[in-house]
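Notes for the one structure printed next.
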Amino acid sequence: MFNFDLDRAQKSLVRWVGGKSRVLPRLIQYIPKESFSCYVEPFVGAGSLYFALHPKKAIINDNNIELINTYRVIKDNKDELIELLETFENNKDFYLKLRALDREEDFINKYSQVMRAARFIYLLKTCYNGLHRVNSKNYFNTPFGSKTSVKVCNSVHITKLSQYLNEHETLIECGDYMNLLDKIDSNSFVYMDPPYAPLSRTSSFTRYGKSNEWAYDSSQQRLLSFCNELNKRGIKFLQSNSTAPIIYELYKNYNIITFDSIRTVSADTSKRGYLQELLICNYNVK
């Protein structure tokens, strides 16, 4: 059984599209109350649920290289990260200078892991609405947020995150979620919060990565095959997704629950607010 306690839940590193921080008390109701050897989150993002559950052992994964690099740096090099962040200036010129770095050839190898992590945190702290967005070339392109009150370096928060990552035996992975199948044991619990299936052909709900690959049925079919394999092995899972018709069809053999969520990160303020999502699981929910 996980040790969920909202009062001591660690605040996430960043705001993230589709993040679950505001619905944690209700989401937790659908998680099995039994004991598990490991908590697994293949699409960790901001990791709100991971930080709230306090699992003794966990595997977190995401295909966002800069996000995972930042988690690893916070875990292993927090002092160097804090020292560098404290030199960063909250102004538009400095913001544009850092934002442009990923346009440089061989960006990932040219700059240190600490520098890239500091840049990632800085951009999400100071960009417009805290929105992580990249274009078709995978270049960060959110405009400057113009907020003078932003605290670029929250050393206390970074230190707490580092302590959490080190005190909870956590494997931090970056890549294709399918690769996790060889690492998940039979007594694990898996929570999936993938980019959602779009509600329509023109929907932009999932378009916060470098492509809209999740708009195609084949990608949702692939995720279903991952869930089917977990189910075959007797591994319990819970998945969040949209109310798109394809999701009802794909998961008709599983338990599907309608869940009221809150959308808080969007460049268009009219698109924020309450919306219905689906929770899909392979166990009975009381």
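The values are calculated or read from the model by the stated rules, or taken from the named source; none is laboratory data. Given the structure is predicted, the values throughout are model-derived calculations rather than measurements. Cβ sites come from the backbone with ideal geometry, for glycine too, and all protein chains shown count toward neighbours.
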Determine the pairs where a residue that is among the hydroxyl-bearing types (Ser, Thr, Tyr), located within the range 135-150, has a partner that is part of a strand (DSSP E or B) with Cβ atoms under 9 Å apart, the partner being 6 or more residues away or on another chain. THR142/CYS127; THR142/VAL134
Does LEU180 fit the bill of being of a type outside the set (Gly, Ala, Ser), at pLDDT 90 or above and surrounded by 14 or more Cβ atoms within 10 Å (Cβ to Cβ)? yes
Given the criterion in contact with a strand residue (DSSP E or B) (Cβ under 7 Å, 6 or more places away or on another chain) and outside any helix (DSSP H, G or I), identify the matching residue among THR87, THR142. THR142
Charged (D, E, K, R), surrounded by fewer than 22 Cβ atoms within 10 Å (Cβ to Cβ), out of contact with any Pro (no Cβ under 8 Å at 6 or more places or on another chain) and in a loop (DSSP other than H, G, I, E, B): which single residue out of GLU34, GLU80 fits that description? GLU34
Take the range 40-53 and flag every residue that is in contact with a Lys or Arg (Cβ under 8 Å, 6 or more places away or on another chain) and in a loop (DSSP other than H, G, I, E, B). ALA46
Out of the residues in the range 165-191 that are under 22 Å from GLU66 (Cα atoms) and assigned to a loop (DSSP other than H, G, I, E, B), which is farthest from the chain's Cα centre (by Cα)? HIS168
Can you tell me which residue within the range 51-100, out of those that are over 30 Å from SER35 (Cβ atoms) and acidic (Asp, Glu), is farthest from the chain's Cα centre (by Cα)? ASP93
